[in-house]
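What follows is a single structure, written as structure tokens, with notes after it.
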């Protein structure tokens, strides 16, 4: 196994803010995952010539109790337009762009999203009030992930 490939794949995950990566080339298969655990590496050997015995059937889980209905929260969600790293302030010493309770206009900068070393200003594009900031400073965000909860002004 070439560790250089693994290092390059890990760097690619860091750059793209990825939490999982699956790489297959010939007989080499690498699956990397970051879900609160260290990355895991799997190397698959070539398939055997004879078929393997079928694994035993998994038991069917008992039906769980009905989950309570989700509580409808006030306001609308502003979602991430891209994958990147969320920054609530222009620099570590500056105050956050917005906080819960702040009134905003369409030109108000809410945060920065860094993608591929480019910092993108995310503006409100509405008149309203910020109710909640849903992500932490420096956190990786996915496309369409909720960033803010807000209420529009009339």
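Laboratory data are not the source of any read-out in this text; all were calculated from the coordinates shown. Since the structure is predicted, the reported quantities are computational estimates derived from the model, not experimental observations. Note: ideal-geometry Cβ built from the backbone for every residue, glycine included; neighbour counts use all protein chains shown.
What does the C-alpha gyration tensor say about the overall shape of region 77-152? Classify as rounded when a/c is under 1.5, otherwise prolate if a/b is larger than b/c, or oblate.
Verdict is prolate for region 77-152.
Using 0.36 nm per residue, how much length does the chain from residue 28 to residue 115 gain when fully extended, once their Cα-Cα distance is taken away?
That pair, residue 28 and residue 115, stretches by 28.3 nm at full extension.
Using Cβ counts within 10 Å as a stand-in for footprinting exposure, how do 88, 153 rank, fewest first?
153, 88
If the chain between residue 126 and residue 10 were fully stretched, how many nm would it gain, using 0.36 nm times the residue separation less the Cα-Cα distance?
37.9 nm
Gain in length, residue 137 to residue 20, computed as 0.36 nm per residue apart minus the alpha-carbon separation, to one decimal in nm?
40.0 nm
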